[in-house]
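Reading through the structure tokens given below for one structure.
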Amino acid sequence: MDVELSNIAPDTGGDISLNQDLWVELNHATICKPLIELTLKGTPLLKFGSGDPRILLCAGIHGNELPPQVAIVKLISLLNGKDINGTVYIIPIAIPYATMKNSRRFKGLDMNRNTFKDGSISNTILKTAQKLKIQAVADFHSTQPQSNPGIESVFSSKKPCNESFKIAQHITDQTSSKVISQEKAGNLYQGALEDEFNINGIPAVTCEVVSRNGKIDSGSVERSFMQMKSFLDYFNICK
């Protein structure tokens, strides 16, 4: 495969093949064998292309939100062998142990509320992105029906990174998702990966599709995949 593989955290490893709902969707993908080897050791990071723009896509901060983790592996297959305009970094399974356990939490904590905390995997993702000089980030989730937000949506903020809002508008225009925008990053959810990226000057959005926790509801993978492709399209990544 035309991709560079690495690992950014040694303490998050797990056997994702033990999550049966996830694995039935993934086990035919070409990337699966090397991905399994990486996830056993911790959080995988994949790199496609080189140069600017430098963007990052992430899934699996909540291990029981399965559709984006399946969709992002499909995106990896799409990007393999393509001419890439810039650099695409992908974290397909942010916390393999939590995904293995089909759990929202890791070490008893919600990692999408702990990005400001040194030593958390979400903080490691932030610091890794800063080191790699990432210019924009999209974090992919799924939301349970009749929960918060409970609808297909893209979270963003207008300050301090107005491009966050512009990216969200682009994705929602292409996918019929709903923009959920804050005036200032961190007003709604403190410690969320998206908010902490924006606070640190890196435009970021959170993309949600609807699916029950721990399950892959019909159409949810396809909807998440569309959001991912739209994020790439905003930066004209695929030639």
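Tabulated data for the structure shown
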| quantity | calculated |
| --- | --- |
| Per-region count, region 148-200, residues among the aromatic types (Phe, Trp, Tyr) and without any contact (Cβ under 8 Å) to a residue 60 or more places away in the chain | 2 |
| Residue 5 touching a Leu at 6+ places or on another chain (Cβ under 7 Å), free of Cβ contacts under 8 Å to residues at least 60 places away in the same chain and not hydroxyl-bearing (Ser, Thr, Tyr) | yes |
| Selection from region 32-58 of residues that are more than 22 Å from residue 237 (Cβ to Cβ), among the basic types (Lys, Arg) and either in a strand (DSSP E or B) or modelled with pLDDT of 95 or more (or both) | 41 |
| Residues that are outside any strand (DSSP E or B) and under 14 Å from the mean Cα position of the chain (by Cα), drawn from region 204-222 | 221 |
| Meets criteria (in a helix (DSSP H, G or I) and free of Cβ contacts under 8 Å to residues at least 12 places away in the same chain) for residue 233 | no |
| Entirely in region 59-169, the strands (runs of 3 or more DSSP E) that have 2 or more residues that are of a type outside the set (Phe, Trp, Tyr), modelled with pLDDT of 95 or more and within 12 Å of the chain's Cα centre (by Cα) | 86-91, 136-143 |
| Some residue of region 94-114 being in contact (Cβ under 8 Å) with a residue 60 or more places away in the chain and among the acidic types (Asp, Glu) | no |
| Matching residues in region 37-65 - criterion: being among the hydrophobic types (A, V, I, L, M, F, W, C) and closer than 18 Å to residue 103 by Cα | 40, 58, 59, 61 |
| Failed item in (1) within 15 Å of residue 204 (Cβ to Cβ); (2) in contact with a helix residue (DSSP H, G or I) (Cβ under 7 Å, 6 or more places away or on another chain), with residue 117 passing the rest | (1) |
| Residues satisfying the stated conditions in region 15-48, i.e. touching a residue at least 60 places away in the same chain (Cβ under 8 Å), surrounded by fewer than 21 Cβ atoms within 10 Å (Cβ to Cβ) and not aliphatic (A, V, I, L, M) | 15, 21, 25 |
| Lone unmet requirement of (1) buried (at least 16 other Cβ atoms within 10 Å of the Cβ); (2) over 25 Å from residue 3 (Cβ atoms) for residue 109 | (1) |
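The values are calculated or read from the model by the stated rules, or taken from the named source; none is laboratory data. Not measured: the values here are computed from a predicted model. Here the Cβ is made from the backbone with ideal geometry for all residues, glycine too, and neighbour counts use every protein chain on show.
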